[in-house]
Each structure stands twice: as C-alpha cells, then as structure tokens.
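The values are calculated or read from the model by the stated rules, or taken from the named source; none is laboratory data. Note that the structure is a prediction, hence the values are computed from the model and not measured. Quick reminder, even Gly has a Cβ in these numbers, built from the backbone with ideal geometry, and neighbours come from all protein chains shown. In case anyone asks, the SASA skips ligands and DNA or RNA and just uses the protein heavy atoms, side chains included. Shrake-Rupley method; radii C 1.70, N 1.55, O 1.52, S 1.80 Å.
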Amino acid sequence: MVVVKNRSRGLRRYLEVTRQLWQLRRRRPDAYLVTFRGYEILPIVLALSGGRPVVFDEFVNAVEWFVYEHRKFREGSAPARVLRALFRRWSLRSVAVLTDTPSHAELSSRLMSIPRDHYRPVPVGTDEKTFAPRPRTRSSSDCLTVLYYGSMLPLHGLDHVLAAAVSLRDREDIDFELVGGDNETVQAVHRAVSAGARVRHRLWVDYERLPELFGECDLFLAGPFGDTVQSQRVITGKAYQFLCAGLPTVIGANHESRVVTDRVDALVVPQGSAEAIEEAILWAAEHREGLEAIGKAGRVLFEKRFSVDVIAAALDALPWSDEQGVDE
C-alpha cells in the first residue's frame, strides 16, 4: 500500500497531492482508494488513474451535506444541481462508493439516482489498541460523571445535552464533563452553568489522553442527539470508541441504532429530546451496578459488527477489478 497524503495546507495541498499522484503513475498501482475527505481530489485521481479502478469513500454524500444538512445551497438551485451532476458522474466512474452506514448507502442511491449495489457500507470502527477496555479509575461511590465530547456539529445535539444538564441541576450526585467545540460552545455552556447546570468544559483533550479521560467518567453520551438529516443515518465516532472500550454508552435512536438493544448493550434515547437524555442519565444513576454489564455487552457488539476484522472483510469484498463504474 502506498499512501498519498498532503503535508501543506490551503491550495498548495492540491498541487502537492496531484504531483504525488502523477509520480505514482510510473508504479502502475492496481487500484486507488480515495479516503474521506476526498471530494475535491476525486476528479484528479480519476483523471490520473490511467484506467485503474478507483474506489471512492464518500462517507457522507456531498449533496446531503451541502444541501440538506448545512443548507449551503438551496435545494433545486443551480449550485445544488451542478454539485449533484458532478458527483453523480464521478461516482459512476468509480468502481464502488463507500458509505459509513447502510442507511447512508440507501440515501446516496436515491439522491444520485445510482443503483444501490454501487454503494458499499463499511463501518468506521476505531483504533482498537488505543480504545481497548481498561480498568476503571473511579470508585462506585463517586458522583456519576457524564462525558460528552466532540466537534458539536448540529447533528450532535449539544443543546439537548445542556438542557438535560440544566434540568438535573439539583442532583448533586450527577455532573457533566464536556470537551470540544468553539466559542459558540463556550457561550452555550456559560448560559447553562448560569442556569445551574453542573458542567465542566474544556475545549480540547489530546487524542492520546482520551482513554485517561474515559477512566475518569461513568456514563458516555455518544449521540447523535440532534434531529437533522445526517443524524438519522450515522454512528458517531465516539460511539465506536466507547463501545470498543466496553463503556456504558447512550446512543441516539436512528436508522442504525437497531443494532443495539436498550439497557442491554447501550442506552438508547429518541433524538431531539433533552427529556430523554435526562431520563437515561437518571436511570444510570439509579442502576450503577448494571452499567458495567452494559459496557461489556457493548464491547461484544463492537467486536461482532464494527471491529477491524469486520472492516477488512467489507474491504476485501469490494470490486478491485478493471471494470469501471456502472452505466449512466
């Protein structure tokens, strides 16, 4: 495997990657895999692949992201139509398109009018060495600490988490550890704390220190809790991490949550509901003796559905051949 990756930023990164791809042509790779986030570089790879098969990991459909999730382009507008036309053409020229979940494969198929079997769901998984189960560093007599971290995009539903924290302000045996976000997040947390929420917030924790942070907490909010188009079809990166680490995880119910069983291998709550998050936390506080078993069952689920072995099998089944895409 040869990895082509930029070191520079801005426009220079496209020139850098294009140069590397051009030099790579002399080695005649058997196939190309364009990983996420490769939307912009995909047409260049297709142009320089020399007819070799190209697999495109779109992860999340570009039209979904720009038009429906973040509303950068209005549905039916000229930019939205151009975006769809370009990515439909590039997707058809790829021998397969990878998505993070089966429901995203279904959505992409509909949005792009491309047969469903052209899309191949591959679990995201996680770094299984970093997030292997570890001994707990807190005693059962401690206050229940609820961890929520991430980039705080709309699909994550930070507002619902903070609303739940405010509702639980009188529970001195429950507090929240929040990590991530930006200045807008800082302001939202400040408002929640001013309303009585027991929340500690940090903007950043180094990746290598996440397992240490996990060991300091008791219940883990994976979401997604926002009620958006994208939230209906994803399993969050932190959900993979928590399940891999064997930790009791709260997951937002969507098209993909059917693989988990509420209060067996995770706690499952409706999306868009602070009350549901609050109820799950209260249940966890009252059933702390059962959280370890839920975490262990979550680890079993991870090994069965999301492990590296599962990912390898999905990649092995891809059409690594010279056939190019599907008929337009």
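Residues that are small (Gly, Ala, Ser) and either within 12 Å of residue 210 (Cβ to Cβ) or over 12 Å from the mean Cα position of the chain (by Cα) (or both) within the stretch 121-137 comprise just one, 132.
Where helices (runs of 4 or more DSSP H) fall wholly inside the stretch 115-229, no range has 3 or more residues that are within 29 Å of residue 62 (Cα to Cα) and among the aliphatic types (A, V, I, L, M).
Of 58, 64, all but one fail to be closer than 24 Å to residue 115 by Cβ, open to solvent by less than 70 Å² (accessible area, probe 1.4 Å) and part of a strand (DSSP E or B); the exception is 58. Here is the figure for the stretch 103-124: residues that are farther than 13 Å from residue 311 by Cβ and buried (at least 17 other Cβ atoms within 10 Å of the Cβ) total 11.
Residues in the stretch 249-293 that are β-branched (Val, Ile, Thr) and closer than 25 Å to residue 102 by Cα: 249, 250, 251, 259, 260, 261, 264, 268, 269. Scanning the stretch 69-80 for residues that are in a helix (DSSP H, G or I) and either loosely packed, with under 14 Cβ neighbours inside 10 Å or touching a residue at least 40 places away in the same chain (Cβ under 8 Å) (or both) turns up 69, 78, 79.
For the stretch 257-299, a residue qualifies if it is assigned to a helix (DSSP H, G or I), under 20 Å from the mean Cα position of the chain (by Cα) and either acidic (Asp, Glu) or surrounded by fewer than 16 Cβ atoms within 10 Å (Cβ to Cβ) (or both), and the qualifying residues are 258, 259. Reported count of residues in the stretch 92-113, each being touching a helix residue (DSSP H, G or I) at 6+ places or on another chain (Cβ under 6 Å) and in contact (Cβ under 8 Å) with a residue 12 or more places away in the chain, is 5. Pairs are defined by a Cβ separation below 8 Å, a sequence spacing of at least 6 or placement on different chains, a first member in the stretch 125-139 that is within 19 Å of residue 304 (Cα to Cα) and at pLDDT 95 or above, and a second member that is part of a loop (DSSP other than H, G, I, E, B) and not small (Gly, Ala, Ser); the pairs so defined are 125/306; 126/306.
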